[in-house]
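Here's the structure, in structure tokens; my notes come after.
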Amino acid sequence: MAIATFSDIVAALANDDPEAEAVLLGEGLACRRAQVGPTVFFRGLIEFSNVCRKDCHYCGIRRSNRRVQRYTMDPEAIADDAALAFEQQYGSIVLQSGERTDRVFVDFVEDVLLRIHRRTSGLLGVTLSLGEQSVDTYRRWFEAGAHRYLLRIETSQEALYRSIHPSDHRFQNRLDSLDRLRSIGYQVGTGVMIGIPGQTVEDLARDVLFFEAQDIDMLGMGPFIVHQDTPMADAEDSEALRAWRFHLALRMVAVCRLYLKDVNIAASTAMQALHPQGREMALQAGANIIMPNVTRVGYREHYQLYDNKPCLTESPGDCRDCIRARIRSVGDEPGDLSWGDSPHYARRVLDPLLARDVSPGRVSEPDDA
């Protein structure tokens, strides 16, 4: 199945016939194994704080949610968890929290990164997912040891972006932050929610073109899932609609793999929230990254961006063994003690022939041209 034009992307995303979807997902898997190999790489997820200055309409830890028990882990406890993940053969971790930009937080993260670097002799890969920051902050964290950054755009369509964020959130700030990350040298990740109320398959197709235009190295995508304590709690959320979002997310994974080829794509935890084998199914659609939660159990229940988040009571060891078994169950091998860097990043940085214009806002629709 050729995915080469805007029309191809729309057609593949819109076709919910089970047989057609099975063909698409199978081709996504074949492309993944051909382009990035049969290894699935770990990112041990440490959700170290749920304090957030943002008030996104869909997010369970939004600033205005008074029902959340706020926490910030001790720096040494975060370093302990990172070191434990390394001992358990995770080659890489993700440090994630609510978004803050104050000096105390910036210093805190820098300190954590330096502690992790010392504890693991610089052998543990570190991805950050901490929102929009200044170029100086991004640079400080890069120099302290982080080398990948995930900043989800949620949707590349500005009007839709505004509909799910308060008026003080600026779409252009998100785009500018992606540019800052790239200029510093990070492997840059982004992603979208799939099935946002009001979103069309054409919107999602434009998201795919946005990823290409931005020269993105890695993707973290997942279905929209309602959280009861948010302004979007009254969004339609029937069982049939959840199933539709889940399958649309699978098709989005496959389409991104077939169109973008060599990027890293995560099998998101949100997929498992909608289906018991959601992450395995995402791997079989073309994803090659999986993010087991290695946050201490006592904190996990307070970091719920959406309802019915899985794995709230599993220990990091249990989670590791479960995920390894899940990876092998679909015919792949876990990438123990490997950073699992994006092949796209290596080609983008090392091969000058891959240089391209990535100016935001100039995303064309290369339809049959």
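The values are calculated or read from the model by the stated rules, or taken from the named source; none is laboratory data. The shown structure was predicted, so the numbers you read here are calculated from the model rather than taken from an experiment. Virtual Cβ from ideal backbone geometry, glycine too; neighbours counted across all protein chains shown. SASA here: full protein model, heavy atoms, side chains in, ligands and nucleic acids out. Shrake-Rupley method; radii C 1.70, N 1.55, O 1.52, S 1.80 Å.
Remarks
- Extension gain, A34 back to L114 (0.36 nm per residue minus Cα-Cα distance, nm): 25.1 nm
- At the residue level, L29 shows approximately 30 square angstrom of accessible surface with a 1.4 angstrom probe and all protein chains present.
- Distance (nanometres) between label positions extended 7 Å along Cα→Cβ at S64 and S121: 5.1 nm
- I46 exposes around 0 Å² of accessible area when a 1.4 Å probe is run over every protein chain in place.
- R0 of 51 Å, Cβ-Cβ distance D17-T72: FRET efficiency to nearest 0.05: 0.60
- Ligands, DNA and RNA aside, S338 has an accessible area near 40 Å² when probed at 1.4 Å.
- As a fraction of the 1.4 Å probe accessible area of the range 200-286, surface on carbon and sulfur atoms comes out at 49 percent.
- Between the C-alpha center of the range 150-176 and that of the range 108-126 there is a gap of 30 Å.
- Accessible area per residue (1.4 Å probe, heavy atoms of protein chains only) ranks R296, R152, R279 as R296, R152, R279, with the largest value leading.
- Residues whose placed amide H lies under 5 Å from that of I93, excluding near-sequence neighbours: G44, G125, V126, T127
- Each of D234 and A159 was given a label point 7 Å from its Cα along the Cα-to-Cβ line. The distance between the two points is 2.3 nm.
- Projecting the Cα positions of H117, A266, Q133 onto the charge dipole of the chain (unit charges on Cβ atoms of Lys, Arg, Asp and Glu, taken about the Cα centre) puts H117 furthest along the positive direction.
- A 1.4 Å probe over all protein chains sorts D207, D107 by accessible area into D107, D207, starting with the largest.
- Across the range 96-109, coupling constants 3J(HN,Hα) worked out from phi with the 6.51/-1.76/1.60 Karplus curve, θ = phi - 60°, read 10, 7, x, 8, 9, 10, 5, 4, 4, 5, 4, 5, 4, 5 Hz, and Gly and Pro carry x.
- Full-stretch length increase - L350, V104 - with 0.36 nm per residue and alpha-carbon distance subtracted: 84.9 nm
- Dipole magnitude of the range 34-112, debye to nearest 20 (Cβ charges: Lys/Arg +1, Asp/Glu -1, about Cα centre): 680 debye
- 3J(HN,Hα) couplings calculated from phi for the range 338-343 with the Karplus curve 6.51 cos²θ - 1.76 cosθ + 1.60 (θ = phi - 60°) are, in sequence order, 10, 5, x, 5, 5, x Hz; Gly and Pro show x.
- Identified option (computed Cα extents along the principal axes in Å; candidates (i) 53, 41, 40; (ii) 62, 45, 35; (iii) 147, 64, 43): (i)
- Probe 1.4 Å, protein heavy atoms only - accessible area per residue of the chain in square angstrom: 39 Å²
- Take the Cβ atoms of N308 and V135, set R0 to 41 Å, and the FRET efficiency comes out at 0.65.
- Cα gyration tensor shape for the range 193-344, rounded if a/c is under 1.5, else prolate or oblate: oblate
- When both bridge partners sit in the chain, DSSP labels roughly 5% of those beta bridges antiparallel.
- Cβ-placed point charges (K, R +1; D, E -1), dipole of the chain about Cα centre in debye, nearest 20: 860 debye
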